[in-house]
1. Counting only residues that are assigned to a loop (DSSP other than H, G, I, E, B) and within 8 Å of the ligand (Cβ to nearest atom), which one in region 100-139 is nearest to the chain's Cα centre (by Cα)?
2. Report every pair of residues separated by at least 6 positions or lying on different chains whose Cβ atoms are under 9 Å apart, first residue within region 28-44 and over 27 Å from Cys130 (Cβ atoms), second aromatic (Phe, Trp, Tyr) and in a loop (DSSP other than H, G, I, E, B).
3. For region 191-222, name all the residues that are charged (D, E, K, R) and within 20 Å of Leu274 (Cβ to Cβ).
4. Output the residue which, of all residues in region 285-318 that are exposed (fewer than 15 other Cβ atoms within 10 Å of the Cβ) and in a strand (DSSP E or B), is farthest from the ligand (Cβ to nearest atom).
5. Among the candidates Val339, Val325, which residue alone is open to solvent by less than 20 Å² (accessible area, probe 1.4 Å), assigned to a strand (DSSP E or B) and closer than 17 Å to Ser271 by Cα?
6. Any residue at all in region 250-267 that's among the acidic types (Asp, Glu) and either open to solvent by less than 20 Å² (accessible area, probe 1.4 Å) or touching a residue at least 12 places away in the same chain (Cβ under 8 Å) (or both)?
7. Which residue pairs have Cβ atoms under 7 Å apart, sit 6 or more places apart or on different chains, and have a first residue in region 75-99 that is charged (D, E, K, R) and away from the ligand (no atom under 11 Å from the Cβ) and a second that is modelled with pLDDT of 95 or more and open to solvent by 10 Å² or more (accessible area, probe 1.4 Å)?
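The values are calculated or read from the model by the stated rules, or taken from the named source; none is laboratory data. Everything numeric in this text was worked out from a predicted model, so none of it was measured. Methodologically, a virtual Cβ is constructed for each residue, glycine included, from the backbone with ideal geometry; neighbour enumeration extends over all protein chains shown. Calculation scope for accessible area: heavy atoms of the full protein, side chains included, ligands and nucleic acids excluded. Shrake-Rupley method; radii C 1.70, N 1.55, O 1.52, S 1.80 Å.
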Amino acid sequence: MTDWTDPDTFAQALERVETKEKGNCFEDFEEGDLIEHDPGLTLTEWGNESWMSQTLNHDPAYWRTDAAAERGFDEPPIHPDYLTAATLGITVEDLSEKGGYFLGRTDVRFPGTPVYAGTELHVESEVVNCATSSSRPEYGIVSWRTRGRDAETGEVLCSYERTNMIPRREPVATDGSGAAAAEEDDDPELPEEFIAPEGGYYEDFAEALETADNENAAVAYRHERGRTQDDVTVASLPLATLNTAKQHHNVDVMSDSPSGDIVTYGDVTRSTALGHARSDEQTWREVGFDDESFHTFVAVGDTVYAFTRVLEAEDDASSDDAGTVTFEHIAFNQDDEPVYSGTRTAEIRKRSN
Ligand SMILES: C/C(=C\C(=O)SCCNC(=O)CCNC(=O)[C@H](O)C(C)(C)COP(=O)(O)OP(=O)(O)OC[C@H]1O[C@@H](n2cnc3c(N)ncnc32)[C@H](O)[C@@H]1OP(=O)(O)O)C(=O)O
């Protein structure tokens, strides 16, 4: 009788059987396709608090009822970073589980916030672009518009457009023009002076911008905190959002990939950098995020730091207690390499109120 667990026999069986594959290849996506994602997620206090604590998002309004009430929330709400990460995590099984990397995202908005624990998320994505990668013949580049809705009311809570590299079944011939376009600008022009705001209130950002306007200066500074990536940030946080990307939890497969190892979920990297930035400001509300890019991998043992450039300050917030500030945040690693960048618009509390 055949012993199926004999290692030689089993190796032969493994070679001959079909693998029940997961995920979709580039060829499976067509512009205009609408995909309703089967996994759903109830946004819980546990999920929210795990995400916020591990990414150093310790804003009291998301932790304490008195601080929440002071900011106009009924109770500590679901953090927009966790909402964004959960909205994306649910989509991975259909959109990107096959492999490839999360390259970037834009137009991240929260039309239905605040969102409270107990809300069930239902997520759908529409394919908005399928492009050939001119530098990587074995991949295509796909963009989707994703909407996370309150499953009960249908209200859109989080919406964004995201782009991933997605493996092709069959590599295509490319002209290699992508590599040429990526050539480094070896003569960067930086301003003569860097100004840091005095404090974290709206007026501090507005005043610093005004000073910089009169000189060849930029309002830019780094944040002291860093967060070294470990099993929790690399594997546990994405799995808690039902993100099934093998990049985050399958060391065996990833040893034979461009990164050579499991890598941090892009939303963990960016949320950690944003947590560092928020710890040096008086955040009132998050408005949105644009032009987000993931430049290189972050892996277990890497440390995520943050750098902020203040771009704009406008006294046009939804509340008299705040003004609107636009930032560029850059996450970087222990070797000072940028790993993430993106712009963020947030309402920042005014000093006078
Ligand atoms: C979720 C989820 C997975 C993750 O969270 S993975 C973790 C987050 N992402 C990363 O760590 C990726 C970091 N990026 C990289 O390491 C490099 O970009 C990468 C993927 C190795 C590619 O590097 P290359 O130097 O080979 O190439 P480029 O950076 O020039 O990009 C390749 C092509 O993609 C185009 N592209 C890049 N960014 C964007 C963007 N934001 N939007 C649209 N297109 C973009 C770029 O122009 C190149 O195009 P070519 O035609 O020239 O090939 C999950 O699984 O869902």
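1. Top of the filtered list is Tyr101.
2. Close Cβ pairs satisfying both conditions: Leu43/Tyr116.
3. Asp204, Arg222
4. Glu314
5. Only one candidate qualifies: Val339.
6. yes
7. Every condition considered, the pairs that remain are Glu75/Thr65; Glu75/Tyr116.
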